[in-house]
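Peer 1: Take this structure first; my questions come after.
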Amino acid sequence: MTSPLLHLPGAVAGDGIDAPVAAHYGSFNGEQRTLEAGEGFVDLSHRDVIRVEGPDRLGWLHSLTTQFFEGLEPGAWTQALVLSPQGHVEHAFAGVDDGTAFVAHTEPGAGQPLVDFLDRMRFMMRVEVSVQTAETAVAWRPATAERPATYDFVPRDRLEAYADAAGPAAGTWAFEALRIARGEPRLGLDTDHRSIPNELGWIGSAVHLQKGCYRGQETVARVHTLGRPPRRLTLLHLDGSENRLPVRGSEVTAGGKSVGFVGSSARHHELGPIALALLKRNLAVDAGLTVDEMPAAQEVIVDPEVGLHFRPNR
C-alpha cells in the first residue's frame, strides 16, 4: 500500500518493510524536534489494520490474548500479544474499541496471518474478523501537554486531507529514532522466534498479569515469578565515529564472545546513533560491547535481575 503522501514536497521513500511510506521529508533531525515539540504527524499507512466485530468480541479476545479485554471501555487504547503454547510472541497489535468493533494496527504484512489465526479460533463465538488495510490507514501524532501520543485510524481515501490538517509531516526515520530511544521494540525487527514478552519490556503494557488462562501464560508467569528472563532488551549507544548504522541481526559481542543480536537502529538528534539489542541476561550491565565492528555502551531497559520491566530513573 504505497502512500500517496510520498508525493509531498521533499518526501524520500523508506526501505525494507517501511518502504511504502516516507523515511523523511528533507530533515530527519528537524522532524524529530518537531515531534518532540508535540507537533505534526507520522504517516504509518503501510501498517496493516484488522477489525473484530460482533457481540462476543471482547470476551473472545480476552481468552486468546495476553491482555484484559473484558469490560474494555470504548475509546480506550490497548496493546495485546498472541503467544505460542511455549510463550513465544507470535503476534503483536494495538487498537481501540468503539462500542461496536475493535480496530487494531499491526506490522506491515502481519494483518492477514493474525486474522487467519483468529478466524481459526472462532468456533461458535459471535465474531467476525477481517483485514481493513485497503480501507483504513494509520497515522501517529506525538504527545502534547493536553493529550498523550496517539494513533489515528484514517479512511484511506481521506489520508491527504488528514495530512493537510495535521501537518507538518515527519518521516519514519524520525519516528523510529524516538521509538528506539523510548525502548519500545517492534515485533520482527527487535525480536526473533524465541522471544518472550518478559524479555521485551511488554509486561504491564501488553501483558496483563491478573487475568485468566491464555496460551503461553505458564511461561510468562514462571519467568515473571522467578524474575530472570533468559534475555533482556537493551538500548545501545553506538560509537559515532563511523557514518553508518549496524545491520539488523548483527552479532553483539563482549570480550570476543557472542552475547546477543542487534535489532533496529537510528540516528537520534541528541543521543547520536542508537539501537535496540537482545542480550544474554547474565551479561554485566556495564560490559563494553561491539556490534558490527563498532563499540557500544548499554542502557538498561529490561532489568536482568528482578524482572521488573522499567526504564530506570536518570
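The values are calculated or read from the model by the stated rules, or taken from the named source; none is laboratory data. Everything numeric here is computed off the predicted structure, so don't read it as measured data. Counting neighbours? That spans all protein chains shown, and the Cβs are built from the backbone with ideal geometry, glycine included. For the accessible areas, the whole protein counts, side chains as well, though only heavy atoms, and no ligand, DNA or RNA atoms are used. Shrake-Rupley method; radii C 1.70, N 1.55, O 1.52, S 1.80 Å.
Peer 1: Dipole of segment 48-131, Cα-centred, from +1 at each Lys and Arg C-beta and -1 at each Asp and Glu C-beta, to the nearest 20 debye? All intermediate terms of the calculation are to be shown ahead of the outcome.
Peer 2: Details: 5 positive and 12 negative charges, 35 e Å.
The dipole magnitude comes to about 160 debye.
Peer 1: Moving to a separate point now. How big is the accessible area of Val129 in square angstrom, nearest 10, if you roll a 1.4 angstrom probe over the protein chains?
Peer 2: 20
Peer 1: For the chain, modelled as a GNM with alpha-carbon contacts under 10 angstrom, which of Val42, Val127, Val103 fluctuates the most?
Peer 2: Val127
Peer 1: In whole Hz, with x marking every Gly and Pro, tabulate ³J(HN,Hα) for segment 149-158 from phi via Karplus 6.51 cos²θ - 1.76 cosθ + 1.60, θ = phi - 60°.
Peer 2: 4, 8, 9, 10, 9, 10, x, 4, 6, 10
Peer 1: Separate question: Quick one: Cα centre-to-centre distance for segment 11-45 and segment 198-241, in angstrom?
Peer 2: Their Cα centres are 29 Å away from one another.
Peer 1: What is the Cα coordinate range of segment 33-122 on the first, second and third principal axes, sorted by size from largest, in whole angstrom?
Peer 2: The principal-axis extents, from largest down, are 43, 28, 20 Å.
Peer 1: Find the all-direction average of the projected area of the Cα convex hull for segment 230-313, expressing the result in square nanometres with one decimal place. Please report the intermediate quantities before stating the final value.
Peer 2: Values: hull surface 21.8 nm².
So the Cα hull casts an average projection of 5.5 nm².
Peer 1: Among Pro246, Ala284, His105, pick out the residue whose Cα is farthest towards the positive end of the charge dipole of the chain, where Lys and Arg carry +1 and Asp and Glu carry -1 on C-beta, about the Cα centre.
Peer 2: Ala284
Peer 1: So how compact is the chain: Cα radius of gyration and Dmax in angstrom?
Peer 2: Taking only Cα atoms of the chain, I get Rg and Dmax of 19.6, 60 Å.
Peer 1: Here is a follow-up. Leaving ligands, DNA and RNA out of it, rank Phe123, Phe28, Phe102 by accessible area with a 1.4 Å probe, largest first. Mind dumping the intermediate values first?
Peer 2: Values: Phe123 160, Phe28 50, Phe102 0 Å².
Descending order: Phe123, Phe28, Phe102.
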